[in-house]
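Undergrad: Attaching a single structure in structure tokens format; questions to follow.
The values are calculated or read from the model by the stated rules, or taken from the named source; none is laboratory data. Predicted model, so just to flag it, every value in this text is computed and none were measured. Virtual Cβ from ideal backbone geometry, glycine too; neighbours counted across all protein chains shown. Note: areas computed on protein heavy atoms with side chains; ligands, DNA, RNA excluded. Shrake-Rupley method; radii C 1.70, N 1.55, O 1.52, S 1.80 Å.
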Amino acid sequence: MNNLIIFACMLLVVTGAVAQQTSWHGYISQGVTQSINSRFVTDNDAITAELTELGFNGRIQFNASLALVGQLVYLDGGNRFEQGSRLDYLFLDWALIESEVTSSHLHLGRYKNHHWLYSATRDVPHTRDTAILPQSVYFDSFRDIALGSDGAFWQSEFRTDTGLWQFNWSLGRSKVSREQTRAFLGPLAKGSSKQDFVHQASLYWQPVSLNWRLGLSYLASDFYYDAAPVDTFTDGSTDIERFVLSLQYFSEKWELSAELLQEQRDNRGGFSPTFRQYRTGEGGYIQGRYMLTPSISALVRYDTYDVDKNDRNGTKLQQATGGMIPAYFGYMDTTTIGFRWDIASNWRLQGEHHWVEGAGRIQGVVDPVTIRSTEENWRLWSIQLMYWF
Amino acid sequence: MAQMDRLQIANNSIYLCLLKAAVFWCSLIVSGAYAQTLTIITNPSVTQTTFSQSEIRQIFSARKQFWEDGSKITVFVLAPDSLQHKQFCQQNLNMFPYQLERLWNQITYSGQGDPPLLKNSQDEIIKAVLTTPGAIGYADENVIEQIKRKLRNNAE
């Protein structure tokens, strides 16, 4: 990964010399956080500063239709994802069509995922309504894989009498690091994971009034796990299909966001060479934000996720594992309140508190350590100060 | 003296532009809540003389970053919490300022372009637009009229 970051820096500097125009932006954010009765963010109910986000992005414009863009990020999110630097995106942005009624862009390289409401900017603190996004759709164990992939992304917009239509398509693959494998499968996983491909398409519509935004997206992806010679897991694979229905409503004083998700998984191997499991997870969230003043707003959200729609309270999971995995690992319901205060231009203070019942989105595959450290009811809070330019 | 010369040239540009081609497109809907009529202004280097509402939305939401001749568009706006910006967003873009800011953030932080530049007053917007090649902004007709009157008086 470090070699890739060095390569990206060199590429941006070298190409910057022949550019028609360059522009640079970035953000820095630091917070304090605590997860209580869970190791979701911090260990042993500790209050820590494991909420650091630094980002620096550049756009090197060669001419009106071609640009090279990239972003380097440093993240510390406690146990939510791997601590350290990463290259979030680095792609050629090619404007293929630009007219009054339509525009189309092709991104080649490490592109960003534009298919869900917050997927394109989930890495940018001041674009998120909360530090922790609703885990039903924005599962943090999958953060790096879901943010973007190496491949091609296409976006077309059509401005018609029926409103604004946006079509997105992408095909790529993400490298799955050892840490990400362990974040998803647990610390007992000694082997390596690979994403074969991820294929996504989405369609969004806004009426002429622009106060609504409706979208539907589809994802198909295959993952493989190559077990280590000495490993708790065996070789295995997972095929995923995901449908997301997205909705936003904008009013002068308040806005509403909601996404509904269905995720179909076909798991083969992993626990034993003959293991086979079909599972459909369902969930979604609804979120309201009220603008008390132009600079202060309050937020309330309810997020729910059931690991298996045929086992919504997790009793079958508990029975199937002989009581080893508690039933509450079969679901996760979260109620969140938050506030935002824009202290000054480009400065923001944001806080939130989450009350969680269940642990269905703590980790992909549950390990004994997680079971011992996660209670049925747990909480999480954070306060974050951010600056961007 | 050189500075004065440049200032004079700039003022001439302002005068010419405002007289010749400043009012390219303007909001015809003035609701009771807003007493001002905002007008689109561009730098004299911009050859386009008419804009549809769709184009204005594309430009001010940072989706459109280049003019037809390939030159860069630089957009100037007032602070998002100003009354004039709110009026401009609602009447001309069909958006609330926070919607527009979200689009700017999406475009800026997913590498798709640059956001508009913020100015503290309409006078500053007019000066910035008219001294920046490829620039576009908005201002109240009365403010533009005052500047034109001042320039005429200076010329006399």
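Undergrad: Please name whichever of A:65, B:134, A:297 sits farthest to the positive end of the charge dipole of the protein assembly as shown, dipole taken about the Cα centre and charges placed at Cβ: Lys and Arg +1, Asp and Glu -1.
TA: Checked the options; the winner is B:134.
Undergrad: To the nearest whole percent, what portion of all C-alpha pairs in the stretch A:262-389 is separated by more than 24 angstrom?
TA: 43
Undergrad: Would you mind computing, in nm to one decimal, how far apart the modelled labels at residue B:156 and residue A:20 are, each placed 7 Å from Cα along Cα→Cβ?
TA: The modelled label-to-label distance comes out at 4.5 nm.
Undergrad: What is the percent carbon and sulfur in the accessible area of the protein assembly as shown, measuring with a 1.4 Å probe over the protein chains and ignoring ligands?
TA: Roughly 59 percent, rounded to a whole number.
Undergrad: Where the only charges are on Cβ atoms (+1 Lys, Arg; -1 Asp, Glu), what is the dipole of the stretch B:49-156 about its Cα centre, to the nearest 20 debye?
TA: Using Cβ point charges on Lys, Arg, Asp and Glu, the stretch B:49-156 gives about 40 debye.
Undergrad: To the nearest 20 Debye, how big is the dipole of the protein assembly as shown about its Cα centre, given +1 on the beta carbon of each Lys and Arg and -1 on that of each Asp and Glu?
TA: So the dipole magnitude of the protein assembly as shown works out to roughly 620 debye.
Undergrad: Shielding by partners for B:99-109, please: the mean number of other protein chain Cβ atoms within 10 Å of each residue's Cβ.
TA: That works out to 5 on average.
Undergrad: Rounded to the nearest whole Å², what accessible area per residue is found for the protein assembly as shown with the 1.4 Å probe?
TA: Accessible surface, normalised per residue, equals 44 Å².
Undergrad: Using alpha-carbon positions, what is the distance between the centroids of the stretch A:180-230 and the stretch B:86-128, in Å?
TA: 33
Undergrad: Nearest 100 Å² is fine: how much accessible area is buried between B and A, summed over both sides, with a 1.4 Å probe?
TA: Summed over both sides, the interface buries about 2900 Å².
Undergrad: When chain A is modelled as a GNM with alpha-carbon springs shorter than 10 Å, which of A:272, A:136, A:373 fluctuates the most?
TA: A:272
Undergrad: Only protein chains counted, 1.4 angstrom probe. Which residues of the stretch A:83-129 are at least 50 Å² less accessible in the assembly than when their chain is isolated?
TA: A:100
Undergrad: Compute the angle between helix A:2-16 and the longest alpha-carbon principal axis of chain A, please, reported from 0 to 90 degrees and rounded to the nearest 10.
TA: Taking Cα atoms only, the helix is inclined about 10 degrees.
Undergrad: Now for a separate question. Please work out how many pairs of lysine residues in chain A are eight or more positions apart (or on different chains) and have Cα atoms closer than 21 angstrom.
TA: 4
Undergrad: Label residue B:54 and residue A:44 with points 7 Å out from Cα along Cα→Cβ: what is the distance between them in nm?
TA: Spacing of the two 7 Å Cα→Cβ label points: 6.2 nm.
Undergrad: Something else: Check each of the trypsin sites (Lys or Arg not before Pro) in the stretch A:262-313 and keep only those in coil by DSSP with at most 15 other C-beta atoms within 10 angstrom; list them in order.
TA: Those that pass, being in a loop and sparsely packed, are A:309, A:312.
Undergrad: Can you list the residues in the stretch A:34-72 whose accessible area drops by at least 40 Å² when all protein chains are present, compared with the chain alone? Use a 1.4 Å probe, heavy atoms only.
TA: Listed by number, the residues meeting the 40 Å² cut-off are A:59, A:64.
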